[in-house]
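S.K.: Please find one structure pasted underneath; my questions will follow.
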């Protein structure tokens with residue numbers, strides 16, 4: 001983008017309201033981190049496909065924008081005063097609004113991440129407001145759907161979100177023209193070219209990575225899940241190299257894990273397998289430990305989990321053990337929670353309960369100080 005004039009007007013948003021006043025706040029905060037890695041300079045970079053969410057052109061519910069704005073507020077790049085044209089206020093570490101719907105959570109974090117990537121460009125076309133974080137995330141989504149009004153959404157109506165939306169719609173012609181001027185001034189084919197080349201390459205690679213999802217046998221079975229997929233038009237192929245179009249295959253290392261092309265997330269949500277927690281999307285690296293532990297576990301012996309792990313990984317371990325030991329004498333999964341806060345323990349319990357873990361699956365939260373001679377396998381993460 002062109003160099004900004006030092007006489008540019010500064011926008012002040014020091015009076016931005018906390019989102020916690022609109023929706024019940026959660027004590028937990030989720031980090032949104034961008035891991036920078038060195039790109040291979042020998043590999044030519046192809047123009048990346050725009051990274052959009054599955055229904056970005058239709059818009060999102062109010063709650064998604066609100067959650068995304070808080071994530072953005074906590075993680076936006078703070079510039080030195082001399083170069084700061086937009087002031088988001090000094091508040092950091094705000095509590096995230098409590099949003100129990102996992103799809104909305106993922107969508108909001110993806111929207112916040114995209115807004116962070118294009119923060120400088122969005123600031124270049126920003127209008128005065130006392131809620132700049134909310135304006136930023138809604139402005140990114142607005143331009144992503146070609147400045148078209150969003151489709152009517154179900155869910156809570158949040159006045160602040162609707163007010164910002166009306167302002168953006170009122171000035172959509174000027175906003176579109178401002179974006180066009182930014183692109184012409186910097187000779188950009190698309191806004192993706194405002195990103196550093198290394199980030200564009202990472203974005204391109206991430207768009208090619210397949211989706212990994214394990215079958216939650218606490219709520220369904222592998223045959224039932226495959227039946228739903230096939231009835232929805234998915235075709236099973238033999239290997240990852242054959243994934244193309246609406247296809248899936250079994251992972252060669254994790255027997256309960258299915259692999260899909262990256263662009264099929266929206267189609268998977270339409271089958272309700274994800275929303276009903278029968279199929280769980282998770283990085284393959286998180287599935288290797290539970291699968292290895294389950295394969296090594298003898299008929300009589302328990303599992304101890306320690307380190308940094310999520311409720312999904314605990315649930316995956318319980319799911320694998322329940323499938324392998326279908327009798328009444330199931331091994332117990334001991335979960336070390338001595339370093340967890342009360343809020344983290346509560347979130348862990350909520351996740352495993354949502355995944356279908358009950359008392360018969362023998363999850364025990366271990367606080368230390370007790371010896372368990374029956375433990376035969378330890379998962380360290």
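Since every read-out is calculated from the coordinates, none of them should be taken as a lab result. Keep in mind the model is a prediction, meaning the values are calculated, not measured. Please note: Cβ atoms are built from the backbone with ideal geometry, for glycine as well, and neighbour counts cover all protein chains shown.
S.K.: Please report the spacing between the Cα centers of the range 298-349 and the range 60-80 in Å, no decimals.
M.R.: That distance is 33 Å.
S.K.: Here's something else I'd like to know. Using the 10 angstrom Cβ neighbour count as an exposure proxy, how do 316, 250 rank, fewest first? Intermediate values should be presented prior to the final figure.
M.R.: On the way: 316 29, 250 18.
Result, fewest neighbours first: 250, 316.
S.K.: A follow-up question, please. By how many nm would the segment from residue 242 to residue 292 grow when fully extended, if each residue of separation counts as 0.36 nm and the alpha-carbon distance is taken off?
M.R.: Numbers: separation 50, 0.36 × 50 = 18.00 nm, distance 2.59 nm.
My answer for the length gained is 15.4 nm.
S.K.: What is the ratio of the Cα radius of gyration of the range 209-281 to 2.2 N^0.38 Å, with N the residue count, to two decimals?
M.R.: Details: Rg = 10.8 Å, N = 73, 2.2 N^0.38 = 11.2 Å.
Ratio of Cα Rg to 2.2 N^0.38 Å: 0.97.
S.K.: Here is a follow-up. Taking 41 Å as R0, compute the FRET efficiency from the Cβ-Cβ separation of residue 174 and residue 342 and round it to 0.05. Walk me through the intermediate numbers first.
M.R.: On the way: r = 49 Å, r/R0 = 1.20.
After rounding, the FRET efficiency stands at 0.25.
S.K.: While we're on this one: Residues of the range 275-298 with amide nitrogen under 11 Å from the 7 Å Cα-to-Cβ point of residue 358?
M.R.: Inside the label zone: nothing.
S.K.: When 317, 115 are ordered from fewest to most other Cβ atoms inside 10 Å of their Cβ, what list results? Kindly include the intermediate steps, with their values, before the conclusion.
M.R.: Values: 317 29, 115 25.
Placing the least packed residue first, the sequence is 115, 317.
S.K.: In cubic angstrom, how much convex hull volume per residue do the alpha carbon atoms of the range 95-228 span? The partial results should precede the final answer.
M.R.: Working: hull volume 23.7 nm³, N = 134.
Dividing the Cα hull volume of the range 95-228 by its residue count gives 177 Å³.
S.K.: Largest first and to the nearest Å, give the Cα extent of the range 168-238 along each principal axis.
M.R.: Here the spans come out as 56, 35, 23 Å, largest first.
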